Amino acid sequence: MSLVIGLIVLGALAWLVQPSDAERPGSRRGLTLAQWYLAGLAVFLVVLAWTVAPRNWLAGLSPERVTRMERRSVLARRFRAVIDARDAAQSEVSVRDAQRRLRGGERAFVLVDTGVPMAAATFIDSLVRLEARRLEISETDVQVFIAGSRSDTTQASALRVRRPIDMTWLLPDSLRSRCLAVVRLNREQVAELQLASVTSLLGPCAFVGRFGRPGAGVRRWLEAMEYSTAAHASWASAPVLADPMRERRLPRTGLTATQSRCILGHRDGCRAILALDSSTTVGVDPDYSPLNVRDFSTAGPRLGRSERLFLSDMVRELGPERFGEFWRSVRAPDSAFATAAGHTMEEATSRWMRRFYEDTPGGPARPAPTGIALGVVLGLGLLTSHRGARRLLRGTTRR
């Protein structure tokens, strides 16, 4: 924005401070046209330098202020680390409680932990069953455990206001024949749990319940991607682009060079962001690898804006039958996808990302405000030159 304002100010200054008619060419009174332009450029550079300068540059004159700022930054990082560690510990306890209940022979689709308020449990239970019916999920392959928070500082934590629920998923393995989804409630009032109605509570378990266990090759790929592409199961809902607010494609300004290469159709870029060549395998304990989710946006670090909807959109594109062939394949994911879809996974990913991001070559597009500012400056420059030429002509005629 500073660049836009500076460009407009520079052009306006050159127009407003032109030498008057009384100042004949060659006269020593006032400044020449070139000097006015240089003065305007100097003002613009000063404004730009002031705008982009670090906000704490004056802190160098005050060691006490620098010390206070650094101390606050360190304390904030430590507080967030403590909060994250507490959340991880509570998720671990909730998962262990769910596994203990399952070892007792519980076969119900939805289990509720002791201490969870009835109203909150009923609300989450209704959302889980609604999602299962909408996605046509077999309840015999999935179980849901609703757990409560064991922290006595829940009401005092500002972070909890933005994150009323946490979710953990455990896929079937040698110890579990069913996919387990653990939904931990950090709030007790139903009004504070409305976020659960706009996200996917079943996540990867929804894919397991609809298409069965993932094949060995696909599961290794999902682990390399940290299951982010399957975190939001919504293939029965309207596509993302049906939302008028998301129809406009975004510029590639915030993307990495690898992501941009994929959007522009480069195969190596798509393979890199899809982790198709990654050697990542299961964790240290292959029978216990929970997937924790505490961020409910659809964005992700690899595919950008709608990463968590990638596999849901793939179901819509291929259809349930062909997607099921891909999902259950034991081959590498790119080979399995090519067999099911008839084209490469890299090509499909590039086309999918172009739905959300601009695909014009040559780098990021110039922001519209900057282009408008350049047009205004160019127009003012032409008018100024014309104005100066007319004054020069009148001055010559008067002589």
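How high is the FRET efficiency from residue 175 to residue 76, r the C-beta distance, R0 30 Å, rounded to 0.05? Walk me through the numbers before you get to the answer.
Numbers: r = 40 Å, r/R0 = 1.32.
It comes to 0.15.
In whole Hz, with x marking every Gly and Pro, tabulate ³J(HN,Hα) for region 139-147 from phi via Karplus 6.51 cos²θ - 1.76 cosθ + 1.60, θ = phi - 60°.
5, 6, 9, 9, 9, 10, 10, 9, 10
How much accessible surface does residue 235 have with a 1.4 Å probe, in Å² rounded to 10?
It works out to around 30 Å².
Full-extension gain between residue 359 and residue 189, please, as 0.36 nm times their residue separation minus the C-alpha to C-alpha distance. Don't jump to the answer; show the numbers that get you there.
Details: separation 170, 0.36 × 170 = 61.20 nm, distance 4.50 nm.
My answer for the length gained is 56.7 nm.
The values are calculated or read from the model by the stated rules, or taken from the named source; none is laboratory data. The shown structure was predicted, so the numbers you read here are calculated from the model rather than taken from an experiment. Here the Cβ is made from the backbone with ideal geometry for all residues, glycine too, and neighbour counts use every protein chain on show. Heavy atoms of the whole protein, side chains included, go into the accessibility calculation; ligands, DNA and RNA do not. Shrake-Rupley method; radii C 1.70, N 1.55, O 1.52, S 1.80 Å.
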